[in-house]
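Peer 1: Below are the structure tokens for one structure; questions will follow.
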Amino acid sequence: MSLRGGLARLLRTRADAAPQPPRRARSVALVGAPLSRGQKRRGVDHGPATLRAAGLVERLAGLGCQVHDFGDLDFTQVPNDELYNNLVLYPRSVGLASQVLADAVSRAVAAGHRCVTLGGDHSLALGSVSGHAQQCPHLGVIWVDAHADINTPLTTQSGSLHGQPLSFLLRELQDKVPQLPGFSWIKPCLSASDIVYIGLRDVDPAEYYILKKYDIQYFSMRDIDRLGIRKVMERTFEQLMGRRQRPIHLSFDIDAFDPSLAPATGTPVLGGLTYREGMYITEEIHNTGMLSAVDMVEVNPLLGASQEAVNATASLAVDVIASCFGQTREGAHTAFDGLPTPSSPDESDSEEQVRI
């Protein structure tokens, strides 16, 4: 039996020992998180509205999903939000916004929805993963991104918190992460073995050290070129679910794609995922039946060189989300369960001649 076949059978038959929240069939909660304080560029807070305008709700409804759009969260901007360590930007604003998002995601998952968080910048994963883990403490995270986003506040070169969320969530790094103002509520909820990266190609020196020292599984674009995306996904599931089923949290930065496909984003890096590779990732995650939450982040309509560039980026993001919930490149077969028959099957040959 192939590795892929063995994993598929394992995922279908092995029961998870951890209790799971109740689920409604194909029920999807949309939570807008227009968070922009985690980075320096303007416009990413318009991401949720851009994705809705690109037809996200209609696409999911067309797949048979029961869509519950809870609108955008209201994030309070903290006045006089001073730099931490003369470098880290807006810690109080990001910390408070992430706490609000964590509560919203936790409630959505507890109610039985699969939660889609629409960003906003990638610092929002502080809240989305934390809230998800409140209901599913044994979750696994698939982080699809050009960047590792695992700098600490003491190793960051930019000061932007969208490049740091995983350092606050990782148990192994807690003695390396200082207490930022606004972050006292955050409790580390992931171990190094709970994370798999896909698509890396711009990793800072400290991040590379962390990945290696703590043996975090990652697949760079070179690995994808070398192994192929099918083998990458097989190894991803072996890492996260080789021993037991567990809920999956997919955190997808649109800059994982090559900039030729997703130009309207803040930190594009050449040599990214193709459309086919991106869709294969999400199709395979959907096929596990264990996807519980999705982040779609860093769509920034103010950074597109033209309206066509913005539309292409938003359409691609909608395709990613739809693929997470059953859209396939073979067609979305949701309500077709039989072929029609001719209205007059007993028409005689003579009648047919007269009709002709």
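Peer 1: Going through Val57, Val67, Val78 one at a time, which residue ends up being modelled with pLDDT of 95 or more, outside any strand (DSSP E or B) and among the β-branched types (Val, Ile, Thr)? Reasoning before the result, please.
Peer 2: Details: Val67 fails: outside any strand (DSSP E or B); Val78 fails: modelled with pLDDT of 95 or more.
Step by step, each of Val57, Val67, Val78 is checked, and only Val57 is modelled with pLDDT of 95 or more, outside any strand (DSSP E or B) and among the β-branched types (Val, Ile, Thr).
Peer 1: Among the residues of region 200-228 satisfying the criterion of being acidic (Asp, Glu) and assigned to a helix (DSSP H, G or I), which is farthest from Gly159 (Cα to Cα)?
Peer 2: Within region 200-228, the subset acidic (Asp, Glu) is 202, 204, 207, 215, 223, 225.
Checking the rest, the ones that are also assigned to a helix (DSSP H, G or I) come to 207, 223, 225.
Working: Glu207: 14, Asp223: 29, Asp225: 32 Å.
Ranking the candidates gives Asp225 first.
Peer 1: For Ile186, indicate whether it is farther than 18 Å from Asp255 by Cα and among the aliphatic types (A, V, I, L, M).
Peer 2: Details: farther than 18 Å from Asp255 by Cα: yes; among the aliphatic types (A, V, I, L, M): yes.
Answer is yes for this residue.
Peer 1: Let me ask something else. Return the residue satisfying two criteria in turn: it lies in region 242-280 and is within 28 Å of Ala305 (Cα to Cα) and β-branched (Val, Ile, Thr), and of such residues it is surrounded by the fewest Cβ atoms within 10 Å (Cβ to Cβ).
Peer 2: Thr274
Peer 1: Quick one: is Leu35 under 19 Å from the mean Cα position of the chain (by Cα), crowded, with 19+ Cβ neighbours inside 10 Å, hydrophobic (A, V, I, L, M, F, W, C) and within 27 Å of Pro178 (Cα to Cα)?
Peer 2: On the way: under 19 Å from the mean Cα position of the chain (by Cα): yes; crowded, with 19+ Cβ neighbours inside 10 Å: yes; hydrophobic (A, V, I, L, M, F, W, C): yes; within 27 Å of Pro178 (Cα to Cα): yes.
So Leu35 passes the test.
Peer 1: Only one of Met241, Met296, Met279 is within 24 Å of Ala33 (Cα to Cα) and out of contact with any Phe, Trp or Tyr (no Cβ under 9 Å at 6 or more places or on another chain); which? So that I can check it myself, show each step before the final result.
Peer 2: Details: Met241 fails: within 24 Å of Ala33 (Cα to Cα); Met296 fails: out of contact with any Phe, Trp or Tyr (no Cβ under 9 Å at 6 or more places or on another chain).
The unique qualifying residue is Met279.
Peer 1: What's the number of the only condition in (1) crowded, with 19+ Cβ neighbours inside 10 Å; (2) in contact (Cβ under 8 Å) with a residue 60 or more places away in the chain; (3) assigned to a helix (DSSP H, G or I) that Val294 fails to meet?
Peer 2: The one condition Val294 does not meet is (3).
Matching residues to (1) at pLDDT below 90; (2) in a helix (DSSP H, G or I); (3) closer than 25 Å to Pro48 by Cα; (4) under 15 Å from the mean Cα position of the chain (by Cα):
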site	(1), (2), (3), (4)
Met279	no, yes, yes, yes
Glu283	no, yes, yes, yes
Ala322	no, yes, yes, yes
Ala335	yes, no, no, no
Gly338	yes, no, no, no
Glu352	yes, yes, no, no
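Peer 1: Same structure again: When the residues of region 69-90 are filtered to those that are touching a Leu at 6+ places or on another chain (Cβ under 7 Å) and of a type outside the set (Ser, Thr, Tyr), which remaining residue is surrounded by the fewest Cβ atoms within 10 Å (Cβ to Cβ)?
Peer 2: If we take residues in region 69-90 being touching a Leu at 6+ places or on another chain (Cβ under 7 Å) and of a type outside the set (Ser, Thr, Tyr), then Leu83 is surrounded by the fewest Cβ atoms within 10 Å (Cβ to Cβ).
Peer 1: Oh, and also: When you check Val116 against the structure, is it of a type outside the set (Phe, Trp, Tyr), in a strand (DSSP E or B), at pLDDT 95 or above and over 16 Å from the mean Cα position of the chain (by Cα), yes or no?
Peer 2: On the way: of a type outside the set (Phe, Trp, Tyr): yes; in a strand (DSSP E or B): yes; at pLDDT 95 or above: yes; over 16 Å from the mean Cα position of the chain (by Cα): no.
It is false that Val116 is of a type outside the set (Phe, Trp, Tyr), in a strand (DSSP E or B), at pLDDT 95 or above and over 16 Å from the mean Cα position of the chain (by Cα).
Peer 1: Another question, if that's okay. Tell me whether region 175-188 contains one or more residues that are under 30 Å from Glu283 (Cα atoms) and either in a loop (DSSP other than H, G, I, E, B) or of a type in the set (D, E, K, R) (or both). Explain how you work it out, then say what you get.
Peer 2: Initially, region 175-188 is screened for residues under 30 Å from Glu283 (Cα atoms), giving 188.
Still in the running and either in a loop (DSSP other than H, G, I, E, B) or of a type in the set (D, E, K, R) (or both): 188.
Within region 175-188, one or more residues are under 30 Å from Glu283 (Cα atoms) and either in a loop (DSSP other than H, G, I, E, B) or of a type in the set (D, E, K, R) (or both).
Peer 1: Follow-up. If Pro153 satisfies every condition in (1) in contact with a strand residue (DSSP E or B) (Cβ under 7 Å, 6 or more places away or on another chain); (2) within 25 Å of Arg246 (Cα to Cα); (3) assigned to a loop (DSSP other than H, G, I, E, B) but one, which is the exception?
Peer 2: So the condition that Pro153 fails would be (2).
Peer 1: In region 168-202, which residue that is surrounded by 20 or more Cβ atoms within 10 Å (Cβ to Cβ) and of a type in the set (Val, Ile, Thr) is farthest from the chain's Cα centre (by Cα)?
Peer 2: Ile186
Peer 1: From the list Ser93, Ser123, Ser98, exactly one residue is hydroxyl-bearing (Ser, Thr, Tyr), surrounded by fewer than 24 Cβ atoms within 10 Å (Cβ to Cβ) and part of a helix (DSSP H, G or I). Which is it? I'd like the intermediate steps shown before the answer.
Peer 2: Values: Ser123 fails: surrounded by fewer than 24 Cβ atoms within 10 Å (Cβ to Cβ); Ser98 fails: surrounded by fewer than 24 Cβ atoms within 10 Å (Cβ to Cβ).
Unique residue meeting the criteria: Ser93.
The values are calculated or read from the model by the stated rules, or taken from the named source; none is laboratory data. Quick caveat: nothing in here was measured; it's all calculated off a predicted structure. FYI the Cβ positions are ideal-geometry reconstructions off the backbone, even for glycines, and counts take in every protein chain you see.
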